[in-house]
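Readers should treat all values here as calculations from the given coordinates under stated rules, not as data from a laboratory. The structure presented is a predicted model; accordingly, all values stated were derived computationally and were not measured. So basically every Cβ, Gly included, is an ideal-geometry build from the backbone, and we count neighbours across all protein chains shown.
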Amino acid sequence: MLLLYLQSITDAAKVQKLAKVFNDAGVLVSANKKALTKDGNNYTNTALADGWYLIVDESTPLGTKDDEHVKVKSANLLQIVGNTTIKTKHSLPTLDKVIVENEAEVDANTASIGDVVTYRIKTKVPDITGYDKYFFVINDTLSKGLTYNDSLSVKVKSDTLTPDEDGAATAKTGNYYVDASAYNETTGTAIKVVFENAVDLFKNYSVGDDIVLEYTAILNENAVITDAGNPNTASLTYSNNPNEDAEGTPAQGENPPKPDEPGPGDDDVTGETPDDFVKTYTTAIKLKKVDNHGTKLTGAMFRITGEGVNKVVVAGDIFVEDAAGTYYKLTDGTYTTTAPTTDTNSKYADTNKLYKKISQSTITKDTANSVNVEAFVDENGIVTFTGLGDCDEYTIEEIVVPEGYNKAANVKIKIESNPNLTKANWTVVKDGDTENPLTANADNMYEFNVVNVQFSNLPSTGGVGTKLFYLFGSAFVIGASTFIVTKKRVGTNK
């Protein structure tokens, strides 16, 4: 009777559901079950008698996660007559994460602080045969140097999916929802993209159709300047066993249930792809103010300008206008805590504006495509500019010169990179000297000195030099007088 019933079913979906029932109940499972001969994705029977068989297949594990956890399982009822070759219909889902830069897809890039980085995640429509519920959840983690822009979009094939603004609420208003954690200065941001009613959604597409997610993030002032870079990691959690019922996450306290996210009891029915990650690098320059003897100098202010830069983190003394500040700006560009008086007003840039001093600040671009940052060196004669990316020319100009010294020449810095997932491969050249590029110091900054030379003034009044000047001058006057008198006498004699 069972064989007659099986032969009468022509709907493949019904056969699949019956196979699931048999598998769950242990029906048709023999104690002496036999493995089929495997050749790639093909399985061959050469020893089984003709008849109906429950075929359970498992894909080869990737090995980068727990072996059992990444297998895809299925159960099928098949009629076998003679030697039969079966091709498995199930394969492991995959996920690929890339950075989109100038329309190219790369694994690593470089950027300046404030730059927008575009990320793309690519996967495929899975085989949902035999599933009543299918979990399809993309997990993405931005490191602390990246700030999520809340700009995510999803496409399946050429269709743009509708986000569900209600999140995991039971009443679905879209195809997916995004659950992004608040930014954390230590751990960054965790993003979860959950596909809702995935079985119904994927029925509208073919297995293998492209699924593409895109979003942007901003490189922020917590960005790392080492070769560890600022990574972004993604993986996919998916259903891998149609033979087991999936529950989803139950309601927790005031939180509603999340039926499309795996719950505590769903470990045996889900798999996860290996982590795929990309990196964004940024760098820093450090200049030290010294005299021509190598002695550190203070009191100098520098300005850095460069095209295509959005923000720069400065470690030095920055003065910011603040009504509660204690500093006044002088006309020579320096600052003082001494209040102006009637006799000194002319020395002040503005007698009504107050400033506060901070030792580090993030300076935002002042024009559409460039940055213009000014900062005094600290007590060690040092100022650093952090968060710099590739640029054909940064110009560093000394705009306040230490008293008694000549202004230093402008410095030109060129920064190039050739990034991969291991390091940025920076090339930093000062003043066009390509034969001797700068080398990163122990703090991963590119360091150089900016030298000031003292004025060459005459010695002060009353010194030995002055006396010699008067002595030689007097001798010259006496000599000239003697010459004139002698000349007159000669003329008279004639």
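Between Ser153 and Asp132, the contour length at 0.36 nm per residue exceeds the alpha carbon distance by 4.9 nm.
With 0.36 nm allotted per residue and the present C-alpha distance subtracted, the Asn449-Glu214 stretch has 80.3 nm of extension available.
For segment 212-226, 3J(HN,Hα) computed residue by residue from phi via the Karplus equation (6.51, -1.76, 1.60; θ = phi - 60°) reads 10, 10, 9, 7, 10, 9, 10, 6, 10, 6, 8, 4, 7, 9, 7 Hz, glycine and proline entered as x. Taking amide H as placed 1.01 Å from N in the peptide plane, the amide H of Asp322 sits under 5 Å from that of Leu354, Tyr355, Lys356, each at least 5 places away or on another chain. The GluC sites (Glu not before Pro) of segment 121-225 that DSSP puts in a loop, and whose beta carbon has at most 14 other beta carbons within 10 Å, are Glu165, Glu185.
For the pair Asn380 and Thr186, label points projected 7 Å from Cα toward Cβ lie 2.7 nm apart. Cross-link pairs exceeding 21 Å in C-alpha to C-alpha distance, out of Lys288/Lys423; Lys157/Lys203; Lys155/Lys192; Lys144/Lys356; Lys357/Lys430; Lys144/Lys286, comprise Lys288/Lys423; Lys144/Lys356; Lys357/Lys430; Lys144/Lys286.
Say each of Val106 and Asp322 gets a label point 7 Å from the Cα, pointing the same way as Cα to Cβ; how far apart are those two points in nm? For the pair Val106/Asp322, the computed spacing is 3.8 nm.
Across segment 289-306, computed HN-Hα scalar couplings (Karplus, 6.51 cos²θ - 1.76 cosθ + 1.60, θ = phi - 60°) run 8, 9, 8, 6, 9, x, 7, 5, 10, 10, x, 9, 10, 10, 10, 10, 10, x Hz from first to last residue, x flagging Gly and Pro. In this simple spin-label approximation, Arg303 and Glu165 carry label points 7 Å from Cα along the Cα→Cβ vector, and these lie 4.7 nm apart. For Lys122, project a label point 7 Å along Cα to C-beta. Then give me every residue of segment 93-112 with its amide nitrogen under 19 Å of that point. What the label zone holds, given the 19 Å backbone N cut-off, is 93-109.
Give me P(r) over segment 283-452, computed from all C-alpha to C-alpha distances, binned every 5 Å, as integer percentages. With 5 Å bins starting at 0, P(r) equals 2, 8, 16, 19, 19, 15, 10, 6, 3, 2, 1, 0, 0.
Applying 1/(1 + (r/R0)^6) with r as the Cβ-Cβ distance of Lys357 and Thr44 and R0 = 56 angstrom yields a FRET efficiency of 0.10. Loop-located trypsin sites (Lys or Arg not before Pro) across segment 190-280 with a Cβ neighbour count of 13 or fewer within 10 Å are Lys203, with loop assigned by DSSP. Under 5 Å between amide hydrogens, built in the peptide plane, is the criterion, and for Asp245 it picks out nothing among residues at least 5 positions away or on other chains.
Here the extension length gained between Asp96 and Ile399 equals 104.2 nm, from 0.36 nm per residue of separation less the Cα-Cα distance. Computed over every Cα-Cα pair of segment 96-280 and binned at 5 Å starting from 0, the pair-distance distribution P(r) comes out as 1, 8, 16, 20, 19, 16, 11, 7, 3, 1, 0 percent.
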